[in-house]
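Read through the structure below, which is laid out as structure tokens, and then see the notes.
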Amino acid sequence: MAHGNGPQGAGEGTVPPRWNRKMQQRLARGEAAALGELYDRFAPLVYGLALRVLENEEEANGVLSEVFSYVWQHPDAYDPKRGQLRSFLAGLAHKHAVRRLRWAVIQAGAAGEIEDCEERIRAVSAAARADYIVTSMPEPLRAALELAYFKRRDYRETAAELGVSAEEARRRLRLGLQLLATAHTEAGRPA
């Protein structure tokens, strides 16, 4: 099943920590309905991240299957104390996609392609992390960034459209940009 629009269409938002704990407990008890609910909520995120890395729908669907199979078979791999289930799934998606990409390059057997592959992995990792950051940041920050960067509004125009002070618009833009800057920092780490 394809999930076309990537993480932007995920609609999963931030969920309370209690929801994460309850979902992990339901999965640990083997509740198939819990897996279905988890899939419905996070499949677009997982698919979108995998597609960003692999640029291939069939391969991205393979990652989607692998991630949810893994969660079903290893429900205790997720620890609610370490963060959101959404972040855990995004990390699994990235790991599985990068593994598939590396395997494809190794199968091709060209040494130069391996170096190109590692560079591509760094680039798509930063882009995927930036997508994830934007979709998971608080709505006020995301709205300010969208106005400033996609609609080319300056901070005064952004403030006016959002109904906030110019200083508040600058603060939101600054925080949003600081979050986005971490995408490149994190992407440089080994997968």
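Numbers below:
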item	result
Helices (runs of 4 or more DSSP H) completely within the stretch 111-191 that count 2 or more residues being surrounded by 19 or more Cβ atoms within 10 Å (Cβ to Cβ) and modelled with pLDDT of 75 or more	139-145, 155-162, 166-187
Test set (1) within 16 Å of residue 87 (Cβ to Cβ); (2) of a type in the set (S, T, N, Q); (3) surrounded by fewer than 18 Cβ atoms within 10 Å (Cβ to Cβ) - residue 69 fails condition number	(1)
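The values are calculated or read from the model by the stated rules, or taken from the named source; none is laboratory data. The structure displayed is predicted, hence computed values, not measured ones. For neighbour counting, all protein chains shown are included, and Cβ atoms are generated from backbone atoms with ideal geometry for every residue, glycine included.
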